[in-house]
Amino acid sequence: MPALTGASTRTRVWILVLALLLLGGGATAYTLRAASDRDAKATGTTDPGFTLAGRGGALYARDSATGRVARVDPSAAGGRVAGGPACDRFHAAGDTAVCLRRRPGVPARTYVIVLDRELREVRRMSLPGIPSRARVSASGNMLAWTMFATGDSYARSSFSTRTSILDLRTGYLVKNIEQIPLTLGGRRYHAPDVNYWGVSFAADDNRFYATVSTDGRTHLVEGDMATWSARTLRENVECPSLSPDGTRIAFKKRVSEGPREPWRLYVYDLATGREHPVAERRGIDDQALWTDAKTLAYGYGGGVWSVAADGTGAPRLLAPGASSPTVVGGAPARGGA
């Protein structure tokens, strides 16, 4: 057999390198495709027949065991039917639902998935951050959500949030409301540490309430979409939730500077300026949901609880192993985890 020449050796080496590259490229493509398929599967599709339609006053929540949206039903196995999409945060009102689903990988990104009343996907966005709060206006026209940009807890001193608002009527998306002109204490206010979170819409789809944090303090903010402006109303208010009649706000009030359960759940009357604690004495880190004009629901200790908004009674467990409650149909309800 004749000896290999230098040219033929180089040719064979290049053929080998090319084959390895093709194999490696194929493996990479397969891996990426498989990861994409897993991601799509994890985002979840809704089971046939599982919708928001025809369920007036029904309570929905995220099932902790499956990560899917479930309808609370005491007559069903386990007290619920978990047939909805997989979400980390969920809220619905009108004919619209919003599902926040964290994508795997670094840096953190989240799918914002807009769903119709049949829980069919109508829009999807991939945005940076970790899911925190979600809200749909009573009409279903306005959506808002908050992501942690840095940190993952409101109890920590170092965190940053991005809060977005989407108008489904126009398709206009405000990716971060931090640039909204803010009036604090009667004066225009500018600071690099301004953070917003926990939007709650009024019935007119124009006015909204939210938390603004700056200089180590939190404030209740009233915003106006038409004039694109915001003004502070009250200090030490977090995660506001406007009542169905638009007269009261449920919120988290910081009652301790320690890291362990620093908040209590309060209700604030917009007309009188008076506030009172509810009967829930544990530390609640959630944006309360008005299930009706008299009752609040919220997440605590891995379950969904309810309590009277007027400060009477005692907390009641609605759904163990659940979070992110929302009520569909009946009286307009606002909330979301």
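For this structure, a couple of remarks:
- Environment charge at LEU168 (Cβ cut-off 11 Å; Lys +1, Arg +1, Asp -1, Glu -1): -2
- Electrostatic bookkeeping for VAL212 treats Lys and Arg as +1 and Asp and Glu as -1; over the other residues with beta carbon under 13 Å from its beta carbon, the sum is -3.
- Listed residue (LEU166, LEU220, TYR189) projecting farthest to the positive dipole end of segment 153-250, Cβ model: TYR189
- Cβ charges +1 (Lys, Arg) and -1 (Asp, Glu), total dipole of segment 263-316, debye: 160
- Computed FRET value (nearest 0.05) for ARG123 with ASP269, which takes r as the C-beta separation and R₀ as 41 Å: 0.65
- Within segment 81-136, the percentage of alpha carbon pairs spaced more than 18 angstrom apart rounds to 28%.
- Potential lengthening between ASP310 and ALA191 on full extension [0.36 nm per residue; Cα-Cα distance subtracted]: 39.2 nm
- Maximal additional length on extending the ASP116-ASP292 stretch stands at 61.1 nm, based on 0.36 nm per residue less the C-alpha distance.
- Average accessible area per residue (Å²) across segment 161-260 - probe 1.4 Å, nucleic acids and ligands excluded: 47
- About the Cα centre, charge dipole magnitude for segment 204-337 (Lys/Arg +1, Asp/Glu -1 at Cβ), debye: 360
- Nearest-0.05 FRET efficiency for ALA58 and ASP245, computed from C-beta distance (R0 22 Å): 0.55
- If R0 is 56 Å, the Cβ-Cβ spacing of VAL106 and SER75 corresponds to a FRET efficiency of close to 0.85.
- Cα gyration tensor shape for segment 167-299, rounded if a/c is under 1.5, else prolate or oblate: oblate
- Within-14-Å neighbourhood charge of ALA82 [Cβ basis; K, R +1; D, E -1]: +1
The values are calculated or read from the model by the stated rules, or taken from the named source; none is laboratory data. This one's a predicted model, so the numbers in the text were calculated from it and none came from an experiment. Note that we place each Cβ from the backbone using ideal geometry, even for glycine, and neighbour counts take in every protein chain shown. The area values use the complete protein model at the heavy-atom level, side chains included, leaving out ligands, DNA and RNA. Shrake-Rupley method; radii C 1.70, N 1.55, O 1.52, S 1.80 Å.
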